[in-house]
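The values are calculated or read from the model by the stated rules, or taken from the named source; none is laboratory data. Bear in mind that the values here come from a model prediction, so they are computed numbers and not experimental data. No Cβ is skipped: glycine too gets one built from the backbone with ideal geometry, and neighbour counts run over all protein chains shown.
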Amino acid sequence: FPVTIGLGDSLIIDSALAPQAGSFVIAQNGDYEATFKKYRPTGTGLHGVNTFELIPLNPDYPVLRSQDIPLAIIGTMVEHRIYRRKR
């Protein structure tokens, strides 16, 4: 599904594609807010559940950890279309 960001830029997100280390993803937190971050697997937690971190593109924001807060991956970015306006 397409997502528009910034000044006309678009992301193409595949909700069926599992993220790999370094993938950019859209995720949902426990408050049902969506966020766009870099995915980093961290291992296997309790009950065999894969754990991961979501790394912000802006280092002023905190890293989100699936073992600390509820996080669900909505989809993995497969394409970034950059809008370039000609003047």
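Here is a check on your reading of the model: is ILE12 touching a residue at least 60 places away in the same chain (Cβ under 8 Å) and in a strand (DSSP E or B)?
yes
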Query raised in the report: Hey, among the residues in segment 58-87 that are touching a strand residue (DSSP E or B) at 6+ places or on another chain (Cβ under 9 Å) and at pLDDT below 90, which one's surrounded by the fewest Cβ atoms within 10 Å (Cβ to Cβ)?
Result: ILE82
Report task. Those residues that are of a type outside the set (Asp, Glu), in a loop (DSSP other than H, G, I, E, B) and closer than 18 Å to ILE13 by Cα, I need them from segment 33-67; list them, please. Result -> PRO56, LEU57
Query raised in the report: List, please: which pairs have Cβ atoms under 8 Å, are six or more places apart or on different chains, and start with a residue in segment 18-33 that is on the phi > 0 side of the Ramachandran plot and end with one that is of a type in the set (Phe, Trp, Tyr) and modelled with pLDDT of 95 or more?
Result: GLY22/TYR39
Report task. Say whether the condition of being closer than 14 Å to ILE69 by Cβ and either aromatic (Phe, Trp, Tyr) or exposed (fewer than 10 other Cβ atoms within 10 Å of the Cβ) (or both) is met by at least one residue in segment 33-48. Result -> yes
